[in-house]
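Comments concern the structure below.
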Amino acid sequence: MRTGLWTHEAFSGHVTPPGHPEQVARLAYVEQALSDGRFATLVRHAAPLAEDGAILRCHPQSYIDRIVGAEPATGWRQLDADTHMSPGSVEAARRAVGGAVAAVDAVMAGDVGNAFVAARPPGHHAERETPMGFCLFGTVAIAAKHALDHHGLGRVAVVDFDVHHGNGTQDLLWNEPCAVFFSSHQSPLWPGTGAEKERGAHDTIFNIPLDPDSGGATMRAAYEGRVFPVLRALKPELILVSAGFDAHRADPLAQLRWETTDFAWLTERLCDLADDMCGGRLVSVLEGGYDLDALAASVAAHVEVLMKRAAR
């Protein structure tokens with residue numbers, strides 16, 4: 001089996017103001033890293049547009065209409081202190097959702113062994129009716145609901161290792177008994193959510209706050225002790241990953257000090273669990289990562305592990 005890659009040139013059409021960390025160059029660096037000969041066997045796909053029906057799994061029509069109506073004809077529109085839209089933002093956000101949903105479909109069909117979705121804007125901060133943290137639609141939460149509703153799965157797991165708490169995914173899956181959400185994140189740090197006591201309506205939310213400057217060894221111990229045993233006990237039929245690479249020591253927005261090798265280790269361990277529980281079915285979707293060189297190196301390490309595991 002091979003690893004599928006979903007991306008699209010329209011992701012460069014979502015343009016943020018000069019100096020904004022969530023910039024077009026992020027995906028250019030990722031694409032350059034994945035153009036190396038090591039990645040020649042990736043099964044590459046254009047991310048399709050998600051229609052309203054897909055997005056409605058997590059957001060109401062009134063919210064979709066508000067986001068569509070907020071897209072400017074020229075320049076930028078600022079939705080909050082951090083979140084901007086430009087001409088092309090709606091298409092990019094729809095294709096991020098469409099790519100994640102298509103990757104789930106391909107993995108479930110056995111067309112690819114696992115998948116990575118190189119998309120922007122990110123999605124894990126978008127709440128039911130609130131865009132925030134650079135995010136417009138809850139991409140991974142929508143993909144999880146699609147897996148449950150369309151494919152009839154009984155249990156899906158979302159693992160979010162972005163340095164910021166996935167408050168949007170938590171909000172969108174709070175009342176979903178069949179989706180289990182794990183978020184490791186620096187605390188204290190924006191957005192200020194993600195305490196261990198936040199458990200969801202069905203005790204399916206697991207937050208793992210990590211101290212600033214705690215490093216990769218602390219992360220590995222936390223996952224070995226607090227994430228992997230719960231995942232193994234819950235036996236999901238699909239693992240979705242919110243793959244944020246802003247916990248890297250070079251990232252300008254946080255201080256968790258992970259190395260590129262830490263992301264490779266975590267990917268290996270998640271693939272181990274996917275192999276043991278759900279036939280290797282794993283879909284990873286890009287979230288954060290704002291040092292361009294560190295992002296490119298970390299994505300390359302992440303995807304290289306996915307490819308190696310899919311080829312087994």
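The values are calculated or read from the model by the stated rules, or taken from the named source; none is laboratory data. Fair warning: this is a prediction, and the values are worked out from it, not measured in the lab. Don't worry about glycine lacking a Cβ; one is built from the backbone with ideal geometry, like all the others, and counts go over all protein chains shown.
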**Item:** Members of the stretch 1-25 that are among the polar types (S, T, N, Q) and either touching a residue at least 12 places away in the same chain (Cβ under 8 Å) or part of a helix (DSSP H, G or I) (or both)
**Value:** 3, 7, 12, 16
**Given (1) under 30 Å from residue 275 (Cα atoms); (2) in contact with a His (Cβ under 8 Å, 6 or more places away or on another chain); (3) buried (at least 24 other Cβ atoms within 10 Å of the Cβ); (4) not acidic (Asp, Glu), index of the condition residue 133 fails** = (1)
**Prompt:** Considering only strands (runs of 3 or more DSSP E) fully contained in the stretch 171-275, which possess at least 3 residues that are not hydrophobic (A, V, I, L, M, F, W, C)?
**Reply:** 179-186
**Lone qualifier among 206, 263 - being modelled with pLDDT of 95 or more, surrounded by 16 or more Cβ atoms within 10 Å (Cβ to Cβ) and under 17 Å from residue 289 (Cβ atoms)** = 263
**Asked** Which one of these does residue 46 not meet: (1) among the hydrophobic types (A, V, I, L, M, F, W, C); (2) touching an Asp or Glu at 6+ places or on another chain (Cβ under 8 Å); (3) surrounded by fewer than 21 Cβ atoms within 10 Å (Cβ to Cβ)?
**Response** (2)
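Residue-wise test of (1) polar (S, T, N, Q); (2) out of contact with any helix residue (DSSP H, G or I) (no Cβ under 6 Å at 6 or more places or on another chain).
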site: 261; (1), (2): yes, yes
site: 268; (1), (2): no, no
site: 283; (1), (2): no, no
site: 296; (1), (2): no, no
site: 303; (1), (2): no, yes
site: 309; (1), (2): no, no
**Asked** Is it the case that residue 218 is among the hydroxyl-bearing types (Ser, Thr, Tyr), closer than 21 Å to residue 283 by Cβ and without any contact (Cβ under 8 Å) to a residue 40 or more places away in the chain?
**Response** no
**Item:** Failed item in (1) touching an Asp or Glu at 6+ places or on another chain (Cβ under 9 Å); (2) among the charged types (D, E, K, R); (3) not in a loop (DSSP other than H, G, I, E, B), with residue 120 passing the rest
**Value:** (3)
**Asked** Residues in the stretch 155-169: is at least one of a type in the set (Asp, Glu) and crowded, with 18+ Cβ neighbours inside 10 Å?
**Response** yes
**Prompt:** Just checking, which of 28, 73, 81 is aliphatic (A, V, I, L, M), in a loop (DSSP other than H, G, I, E, B) and more than 25 Å from residue 169 (Cβ to Cβ)?
**Reply:** 73
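Residue-wise test of (1) part of a loop (DSSP other than H, G, I, E, B); (2) touching a Ser or Thr at 6+ places or on another chain (Cβ under 8 Å).
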site	(1), (2)
142	no, no
145	no, no
159	no, yes
164	yes, no
